[in-house]
1. For a quick check of your reading of the model, give me the residue pairs whose first member lies in region 53-70 and is buried (at least 18 other Cβ atoms within 10 Å of the Cβ), whose second is among the acidic types (Asp, Glu), with beta-carbon atoms closer than 9 Å and at least 6 apart or on different chains.
2. Anything in region 31-64 that is of a type in the set (Val, Ile, Thr), within 30 Å of VAL77 (Cα to Cα) and not in a strand (DSSP E or B)? List them, or say none.
3. Tell me the residue from ILE47, ILE65 that is among the aliphatic types (A, V, I, L, M), closer than 20 Å to ASN12 by Cβ and at pLDDT below 95, please.
4. Does GLY67 satisfy the criteria of being assigned to a loop (DSSP other than H, G, I, E, B) and under 11 Å from the mean Cα position of the chain (by Cα)?
5. Please go through region 2-30 and pick out each residue that is surrounded by 13 or more Cβ atoms within 10 Å (Cβ to Cβ), modelled with pLDDT of 95 or more and assigned to a strand (DSSP E or B).
Amino acid sequence: MKAKGVRLHGANDLRLEEFELPEITDDEILVKVISDSICMSTYKCAILGTEHKRVHEDVAEHPAIMGHEFAGDIIKV
């Protein structure tokens, strides 16, 4: 299944990208995001990139999907 998301590639480097989602596992759910927002810690991650303690060193090779404040419809359990 294809998905779109804003992914962090480095400091001040956020990109809206389309990518393939892996199949969900037994301890995951699939949610179609309806609304999302950004908190201050996510903003700091986006600005600082790997200088932020929560951004992994290889984020350029393995971009991260940021955020945790969202609402949506559960598609699959």
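The values are calculated or read from the model by the stated rules, or taken from the named source; none is laboratory data. Not measured: the values here are computed from a predicted model. Positions of Cβ are generated from backbone atoms using ideal geometry, with glycine treated the same way; all protein chains shown enter the neighbour counts.
1. Short answer, once both residue conditions are applied: VAL59/ASP13; PRO63/ASP13; PRO63/GLU17; GLY67/ASP36.
2. At the first step, the residues of region 31-64 found to be of a type in the set (Val, Ile, Thr) are 31, 33-34, 38, 42, 47, 50, 55, 59.
Filter again for within 30 Å of VAL77 (Cα to Cα), leaving 31, 33-34, 38, 42, 55, 59.
The answer is ILE38, THR42, VAL55, VAL59.
3. Values: ILE47 fails: at pLDDT below 95.
Going through ILE47, ILE65 in turn, just one is among the aliphatic types (A, V, I, L, M), closer than 20 Å to ASN12 by Cβ and at pLDDT below 95: ILE65.
4. Details: assigned to a loop (DSSP other than H, G, I, E, B): yes; under 11 Å from the mean Cα position of the chain (by Cα): yes.
Against the criterion (assigned to a loop (DSSP other than H, G, I, E, B) and under 11 Å from the mean Cα position of the chain (by Cα)), GLY67 qualifies.
5. ARG7, LEU8, HIS9, GLY10, ASP13, LEU14, GLU17, LEU30
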